[in-house]
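J.: Just dropping this structure here.
What follows draws every value from the coordinates through simple rules; no lab data is involved. Bear in mind that the values here come from a model prediction, so they are computed numbers and not experimental data. Glycine gets a Cβ as well: all are built from the backbone with ideal geometry, and neighbour counts include every protein chain shown.
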Amino acid sequence: MPDLNPAVGSHLTMDERQEIMECLDKSMSFKAISRRIGKAPTTVSREVKKHLVIQPLSIKRTNADGTPV
């Protein structure tokens with residue numbers, strides 16, 4: 001009999017999310033991360049996109065010697 005609930009097991013666990021975060025800190029690709037956690041690369045990329053936080057960049061002007069302007 002075919003599996004009637006294909007979504008079972010399709011969610012990421014907290015451990016998998018933590019592993020994704022640690023791998024991203026190491027600049028690993030989505031493909032490499034997906035192989036490591038046993039999920040599809042699209043699953044990893046969607047998870048990252050879903051929780052992406054963009055922080056504003058703080059730019060400070062300095063002189064050539066590094067002192068603030």
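J.: Using each residue's phi in segment 31-47, evaluate 6.51 cos²θ - 1.76 cosθ + 1.60 at θ = phi - 60° and report the 3J(HN,Hα) Karplus result to the nearest Hz, with x for Gly and Pro.
T.: For segment 31-47, the Karplus curve yields 5, 5, 5, 4, 5, 5, 9, x, 10, 6, x, 5, 5, 5, 5, 5, 4 Hz.
J.: Using a Gaussian network model of the chain whose springs link C-alpha atoms within less than 10 Å, name the residue from S27, S58, S45 with the highest mean-square fluctuation.
T.: Its mean-square fluctuation being the largest, the pick is S58.
J.: What value, in deg cm²/dmol to 500, does the helix sum -39500 (n - 2.57) over DSSP H runs of n ≥ 4 give at 222 nm once divided by the residues of the chain? Provide the component values of the computation, followed by the final result.
T.: Details: 3 runs with 30 residues, N = 69.
Taking each H run of at least 4 residues, the total per residue is -13000 deg cm²/dmol.
J.: Can you spot the lysines whose alpha carbon is less than 20 Å from K31's alpha carbon? Ignore those fewer than 8 places along the same chain.
T.: K39, K49, K50
J.: To continue, here is another question. How much space per residue, in cubic angstrom, does the convex hull of the C-alpha atoms of the chain take up? List each step's numbers first, then the result.
T.: Working: hull volume 8.8 nm³, N = 69.
So the per-residue hull volume is 127 Å³.
J.: Also: Given points 7 Å out from each Cα along the Cα-Cβ axis, report the N63 to R17 separation in nanometres with one decimal.
T.: Taking the simple label geometry, N63 and R17 are separated by 4.9 nm.
J.: Test of understanding: what is the full-extension gain from K26 to H51, defined as 0.36 nm times their sequence separation minus their Cα-Cα distance? All intermediate terms of the calculation are to be shown ahead of the outcome.
T.: Numbers: separation 25, 0.36 × 25 = 9.00 nm, distance 1.77 nm.
My answer for the length gained is 7.2 nm.
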